[in-house]
Amino acid sequence: MTHSIIKLLEKRISANLFDPAHELPVADIEALVRVTTRAPTAYNLQNWRFIAVRSAKAKARLRAIAYGQKKVSDAAVTFILCGRLPDAETLPERLRPSVEAGFMPPAMAQSWQEGARAQYADAQTARDEAVRSATFAAATLIHAAEAQGLSSSAMVGFDAAALRQDFALPADEIPVMLVAVGRAADGNWPQKPRRPVSEVLDIL
Ligand SMILES: Cc1cc2nc3c(=O)[nH]c(=O)nc-3n(C[C@H](O)[C@H](O)[C@H](O)COP(=O)(O)O)c2cc1C
């Protein structure tokens, strides 16, 4: 029997049309984000923030920044996925629960912090990690939504500078992606065909 997660992967689409009458209760948004944060991050940094744009007023602001894309306001919620530049000083707090639970040796937590401090001294590497973490979150979110019978659409069609200003993002946050989540309306395309595995896979 095919596992249900494989079935979700096989059928997920980027929805263009959402039911504008559909709303998501705050508890459902929280549940989606809770499961999304099960996504992995380097050193368990969890260097992300999710801004759930849900009110008509905030959606209108975001839609203008997203070049008028209608789904931003039609979907029940459009998330702004922010990646945060990794800060090694956050790691003791992030890793403490693993240490306290007894499976992570304290010395390991300390060495992870030292590793992160050295690794992210390079600005490009730090920025890459912020984008990577938010992208992993986006991938997890779209499938978590699918599992709840919802549809989604990832978007990079937005003015990042305008978003930073309008939504008052701090300097260490990068707006990586928008993800609209809601109930699909009729008329969406099926999943687009993919390139054959033989074109994209090298087995060495
Ligand atoms: C990072 C990323 C950015 C995207 N940006 C947009 C966008 O701004 N607007 C849009 O309509 N679709 C956007 N898409 C959706 C892609 O066009 C879509 O995933 C692709 O055509 C494959 O279609 P499918 O997801 O339905 O299989 C984006 C997808 C990804 C992964």
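The values are calculated or read from the model by the stated rules, or taken from the named source; none is laboratory data. Computed from a predicted model, the values in this text were never measured in an experiment. As a convention, Cβ positions derive from the backbone with ideal geometry for all residues, glycine included, and neighbour counts pool all protein chains shown.
Couple of notes before you dig in:
- Some residue of segment 173-186 being in contact with a Lys or Arg (Cβ under 6 Å, 6 or more places away or on another chain), crowded, with 18+ Cβ neighbours inside 10 Å and closer than 13 Å to S14 by Cα: yes
- Residue match in segment 124-132 (condition: within 30 Å of K57 (Cβ to Cβ) and crowded, with 17+ Cβ neighbours inside 10 Å): yes
- Elements of type helices (runs of 4 or more DSSP H) contained in segment 11-119, each with 2 or more residues being modelled with pLDDT of 95 or more, within 16 Å of the ligand (Cβ to nearest atom) and of a type in the set (A, V, I, L, M, F, W, C): 56-65
- So L24, is it surrounded by 18 or more Cβ atoms within 10 Å (Cβ to Cβ), more than 20 Å from F167 (Cα to Cα) and in contact with a strand residue (DSSP E or B) (Cβ under 6 Å, 6 or more places away or on another chain): yes
- Filtering V200, V156 for residues that are assigned by TED's automatic domain parsing to the domain that holds S55 and either within 12 Å of the ligand (Cβ to nearest atom) or free of Cβ contacts under 8 Å to residues at least 24 places away in the same chain (or both) leaves a single hit, V156.
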